[in-house]
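The block underneath contains the structure these notes are about, expressed in structure tokens.
The values are calculated or read from the model by the stated rules, or taken from the named source; none is laboratory data. Every value quoted in this text rests on a predicted model; they were computed, and no experiment measured them. Note that we place each Cβ from the backbone using ideal geometry, even for glycine, and neighbour counts take in every protein chain shown.
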Amino acid sequence: MNFDDYRGVWVFIEQNGGKIEGVSLELLGAGRKLADKLQVPLAGFLLGSGIKPLANQVIAYGADEVYLVDHPVLKDYRTESYMKGVMQLVPKYKPEIILYGATPNGKDLASAVATDLVTGLTADTTMLDVDVANRLLEASRPAFGGNIMATILCKKHRPQMATVRPKVMKALEPDTGRTGKIIEESITLREEDMRTKVLQIVNDVTKKANLADAHVIVCGGKGMGDAQNFQILYELADTIGATVGGTRDVVEAGWLPHELQIGQTGETVTPKIYFAVALSGAIQHVVGMKNSDLIIAINKDPNAPIFDVATYGIVGDALEIVPKLIQQFKQLRTEKGGEMSYARKI
């Protein structure tokens, strides 16, 4: 394999129902930095049916080129059909780096493509960089239970690939004035040849707390003591219009359901305000919330790692401090006539 034949950074642009997933826009921002360091174009590759109007959005978010594979059989995601599309593009254009969102579809597609291309794939990456001299992607993720950060290299195969968790990277501000190249690639697919069929798509309409979109989050750790003490965090959240989350230890203890877990094995969040209450700040948790705009940590251990990433830190017993915060916020809310949005403006 001649590595000199492989040039360029590609991002899989995942779309559902004609709408681009947020993680793909975030990866265009990360990919832009890598491409600039390597002095190569950044490309998005987009598969689906009737998706050409999305190409200009991909360019606005940082891509120089967009590869389009538009076919009716690609209307809904299926491993087989999408892999055929990718396998038509990659051997032909030979990108050196491909990034996918660590979504169910992104992870499924990336693993299938890696198998067919016989190349490496780093899963659930939280940091990306590049060794320019050796043109190596440095994909980092927590390892050994989150106790260390491992940087994984793919030295012997191309392309180098990684899946990246949503909300870990930040999208660029869109520039609708950017121009780029759109490459349309034809493909031969027949529905009758597909081994799987999409019979029905059922949307989940249940009302669940959505941590990923929350502006303010109150996250509690095992230091709260027990499930009963955890209730004061719900009171704080109700007072300021926040969503409650928890660490892995809290979820494993049965105090919260898994969908409210924040961290490497839970949700990655980027709220405007993040209250980290009675949690130590282990790596596997920090990678899930470190990009919050404002982090307020409360812990009785002054040496707790969470203070290393906090914007403001309060050293003390959460069971004493949180009720005082609730009192102050309630007073402020009363002064503002019951307005709840002030918490987003701190």
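Rundown of residues vs (1) surrounded by 17 or more Cβ atoms within 10 Å (Cβ to Cβ); (2) β-branched (V, I, T); (3) over 11 Å from F45 (Cα atoms), yes/no style:
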residue: V66; (1), (2), (3): yes, yes, no
residue: D76; (1), (2), (3): no, no, yes
residue: V90; (1), (2), (3): yes, yes, no
residue: Y93; (1), (2), (3): yes, no, yes
residue: I98; (1), (2), (3): yes, yes, no
residue: A102; (1), (2), (3): yes, no, yes
residue: G106; (1), (2), (3): yes, no, yes
The range 210-229 - residue that is under 13 Å from A276 (Cα atoms) and touching a Leu at 6+ places or on another chain (Cβ under 8 Å) and, of those, surrounded by the most Cβ atoms within 10 Å (Cβ to Cβ): C219
Looking at the range 62-75, is at least one residue under 14 Å from L28 (Cα atoms), part of a strand (DSSP E or B), assigned by TED's automatic domain parsing to the domain that holds G17 and β-branched (V, I, T)? yes
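Yes/no per residue for (1) part of a helix (DSSP H, G or I); (2) within 22 Å of R141 (Cα to Cα):
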{"residue": "I232", "(1), (2)": "yes, no"}
{"residue": "A237", "(1), (2)": "yes, no"}
{"residue": "V250", "(1), (2)": "yes, no"}
{"residue": "G254", "(1), (2)": "no, no"}
{"residue": "E259", "(1), (2)": "yes, yes"}
{"residue": "T265", "(1), (2)": "no, yes"}
{"residue": "P271", "(1), (2)": "no, yes"}
{"residue": "F275", "(1), (2)": "no, no"}
{"residue": "S280", "(1), (2)": "no, yes"}
Among the residues that make up the range 250-272, is at least one of them farther than 26 Å from M169 by Cβ and among the charged types (D, E, K, R)? yes
Can you tell me which of (1) surrounded by 21 or more Cβ atoms within 10 Å (Cβ to Cβ); (2) within 30 Å of L332 (Cβ to Cβ); (3) charged (D, E, K, R) is the one D238 doesn't meet? (1)
Tell me, which residue of the range 1-31 that is surrounded by 19 or more Cβ atoms within 10 Å (Cβ to Cβ) and of a type in the set (D, E, K, R) is farthest from D129 (Cα to Cα)? E14
Residues that are more than 14 Å from Q15 (Cβ to Cβ) and of a type outside the set (A, V, I, L, M): does the range 48-64 have at least one? yes
